[in-house]
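Contents: one structure, followed by commentary.
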Amino acid sequence: MASLGFNLGFSFSGVKNRQVSVNGRARVISCCSSSSSEASQQGISTTKPPPEIELEFFGPKPGSDGTYPRDKAKAVSGEKLLRSIMQDSKIELYATYGKVMNCGGGGSCGTCIVEILDGRELLNQRTDTENKYLKKKPESWRLACQTIVGNKENSGKVVVQRIPQWKK
């Protein structure tokens, strides 16, 4: 019967090795640097925060004072679709018909139309689905369910007009 012994916490030049001894032979089963854990224990951040995209949403119609209602949100670049950001931030996306008849973000109904007023370069290119539903619409119009905000590396501001088909 073989005896099994453990030697945890062995440290050599800032690297922690975990060793297992089987029949007198030591084998490293994992290796990790201790510098990141030491830095976090000292309160030093070893990674920079992910880039963020700031979003500003304008309502489709002006209020009684003549100004368009505005909502704001932030998102980590490249992690979410515009539709998800709007829903998470409780920002109205759909017109009346779309509230009842939307496809749930599958890209098969065309009811989540928005217009990108500024910051188009911070979004992905139009998808084939968007080209199908928006072929006769301006290039600035997008489907929120197909629009990825950021690319994990960029940051900046995107300005969005909600329900552009209501604009006069």
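For this structure, a couple of remarks:
- Surface share of carbon and sulfur [accessible, 1.4 angstrom probe, percent] for the stretch 52-166: 46
- Of 94, 68, the order by accessible heavy-atom surface (1.4 Å probe, DNA, RNA and ligands excluded), from most exposed downward, is 68, 94.
- Shape of the stretch 59-168, Cα gyration tensor, a/c cut at 1.5: rounded
- Residues of the stretch 97-124 with amide N under 18 Å of the 7 Å Cα→Cβ point at residue 152: 122-124
- Estimated FRET transfer efficiency when R0 is 30 angstrom, pair residue 47-residue 128 (beta carbons, to 0.05): 0.25
- Taking every protein chain into account, the accessible area of the stretch 52-166 amounts to 55 square angstrom per residue (probe 1.4 Å).
- Residues whose placed amide H lies under 5 Å from that of residue 157, excluding near-sequence neighbours: 54
The values are calculated or read from the model by the stated rules, or taken from the named source; none is laboratory data. Note that this is a predicted model, so its numbers are computed, not measured. Cβ coordinates were reconstructed from backbone atoms using ideal geometry, including for glycine residues, and neighbour counts include every protein chain displayed. These accessible areas exclude ligands, DNA and RNA; they are computed on the full protein's heavy atoms, side chains included. Shrake-Rupley method; radii C 1.70, N 1.55, O 1.52, S 1.80 Å.
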